[in-house]
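These notes concern the structure reproduced below.
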Amino acid sequence: MTTLNETHDPALRSWVASAHAAGTDFPIQNLPFAVFRRRGSTEPLRGGVAIGDQIVDLAELAQARPFSGRAAEALAAGSQGTLNALMALGPAHWSALRLALSRALREGTHEQAVVQICLVPQAQVEYELPARIGDYTDFYTSIYHATNVGRLFRPDNPLMPNYKWVPIGYHGRASSVVISGTNFARPCGQIKAPDASAPVLGASKRLDIELELGVFLGQSSALGEAVTMLEAEDHVFGICLLNDWSARDIQAWEYQPLGPFLAKNFATTISPWVVTLEALAPYRTAFTRPAEDPQPLPYLDSERNRAAGAFDIQLSVGLQTPAMRAKDAKAEAVICQTSYRHAYWTLAQMVAHHSVNGCNLQSGDLLGTGTLSGPTLDQAGALLELTTGGKNALQLPGGETRTFLEDGDAVVLRGWCEKPGHARIGFGECRGQVLPARTL
Ligand code: CA
């Protein structure tokens, strides 16, 4: 459990000037982790921490041995080519490293000279996946998404009877989780038109996005062990952005009876920066249930979860078509804005439920929250919902329309937290572009 401490002080100032740029995602109060190297180089991958428009190179910094105790151990672990070892150390180590870095990046510190030579401009790097992801599980924690999608298939009974009792999820595929900036070909698969007698193999015509958050797990749990609600967040290293690209036509034909398969596992894009739960502490909020809904079973309930188990993370989806790009490389249309606070199940509940049967969770495992649609249609995190199953095309600036994604379309997810009295912190971006399908 993380409470506010000196690292959250909104008055903190860094000697890295860009950490004070208006609207920066990476002030000194954030300090998220990524894995990177200089773009186009053969340098080893290593961990880094964002500050303004720079990265503190943890491998370079570790050579100078500036810290002691847990902070030094965490720094050594974070200098590796994946963050699994750092994730495995647990919250006391993560917190010690955050405090040491926060102090070393503040104005007036005697450590400035040591850290300054370890800075690498973000504009010069390429990122890799933050961890070696052993397993990826995708949840379904937005009741608005579950209801909107359910209504398309079952207008009279959109929400399944288990939804308000069980944090629903399925086991996804880790091998096709890719880092932001990776483009991918439109998937091919079996598709059956509603009026056709047989399916055909073809390129998906209903390629969609899913606006989600990704949750990187920290300390492992043992096979047979159930992680309790009180322990659950100690097993969470941090949060990134996640786009669960989905081929709706492949999904519609294959999903019964065992759920999503090839409609989902051709690509899942995550953002490079992982924001720790400690950084997000100022943006915790109460987890509430409508009075008429069933309250969570005891293994999914805790006083802490009720008081502060949810997070108010603002989220947006930007769509850039090839026509927009031709006019302006940065042009995009925002097609959705919402917040993680609307989720029906919390992070802690996902972890507690996933392990209640004794399933072991491992450092570097990735959980997806599921599409984080909010209560109103403009807060829907998938085109399937925004266009009511492809019936109502989105009107885009410049006169273009979209029901589902077309070749060349790029999608950018963004996330940030802000409120009066606290530093604004952000997640960077999660970007991917659709390339034409391979020739069959
Ligand atoms: Ca999903």
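Just a few scattered comments:
- Peptide packing for 213-222, 187-196 was compared via the average number of neighbouring C-beta atoms within 10 Å per residue; ordered from the highest value, the list is 213-222, 187-196.
- For the pair the stretch 276-310 and the stretch 26-52, the centres of their Cα atoms are 32 angstrom apart.
- Three-way shape label, the stretch 209-274, alpha-carbon gyration tensor, a/c 1.5: oblate
- The label-point distance for Ser18 and Leu394, in a model that sets each label 7 Å from Cα toward Cβ, rounds to 2.9 nm.
- Computed from phi, the 3J(HN,Hα) profile of the stretch 296-313 under the Karplus parametrisation 6.51, -1.76, 1.60 (θ = phi - 60°) reads x, 4, x, 6, 10, 10, 7, 4, 4, 5, 5, 6, 7, x, 9, 10, 8, 10 Hz, with x in place of Gly and Pro.
- Karplus 3J(HN,Hα) series, Hz, for the stretch 330-337 with 6.51 cos²θ - 1.76 cosθ + 1.60 (x for Gly, Pro): 9, 5, 7, 10, 7, 9, 7, 9
- Extension gain, Thr376 back to Glu6 (0.36 nm per residue minus Cα-Cα distance, nm): 129.5 nm
- A simple spin-label model places the labels of Ala323 and Tyr170 3.4 nm from each other, with each point 7 Å out along Cα-to-Cβ.
- For the chain, taking Cα atoms only, Rg and Dmax work out to 21.6, 74 Å respectively.
- Rounded to whole Å, the principal axis extents of the Cα atoms in the stretch 334-440 read 49, 49, 26, largest first.
- Dividing the summed helix terms, -39500 (n - 2.57) for each DSSP H run of n ≥ 4, by the number of residues in the chain produces a 222 nm estimate of -5000 deg cm²/dmol to the nearest 500.
- Take the stretch 136-435 with all the other protein chains still there, run a 1.4 Å probe, and you get 40 Å² of accessible area per residue.
- Residues of the stretch 6-128: accessible area per residue with a 1.4 Å probe, Å²: 42 Å²
- The stretch 231-256 versus the stretch 182-224: alpha-carbon centroid distance in Å: 9 Å
- With every protein chain in place, the stretch 173-309: carbon and sulfur % of accessible area (1.4 Å): 57 percent
- With θ taken as phi - 60° and the Karplus curve 6.51 cos²θ - 1.76 cosθ + 1.60 applied, the whole-hertz 3J(HN,Hα) list for the stretch 3-19 is 9, 6, 9, 4, 6, 8, 3, x, 7, 4, 10, 9, 6, 7, 4, 5, 5 Hz, x standing for glycine and proline.
- Pairs from the list Lys264/Lys327; Lys264/Lys391; Lys205/Lys391; Lys264/Lys330 with a Cα-Cα gap above 25 Å: Lys264/Lys327; Lys264/Lys330.
- Between the stretch 396-435 and the stretch 66-130, the Cα center-to-center distance that results, in Å: 28 Å
- Each Lys or Arg adds one and each Asp or Glu takes one away; over the other residues whose Cβ falls under 10 Å from the Cβ of Tyr127, this sums to 0.
The values are calculated or read from the model by the stated rules, or taken from the named source; none is laboratory data. Values in this document were obtained by computation on a predicted structure and should not be read as measured data. So basically every Cβ, Gly included, is an ideal-geometry build from the backbone, and we count neighbours across all protein chains shown. Areas reflect the complete protein model, heavy atoms only, side chains present, ligands, DNA and RNA absent. Shrake-Rupley method; radii C 1.70, N 1.55, O 1.52, S 1.80 Å.
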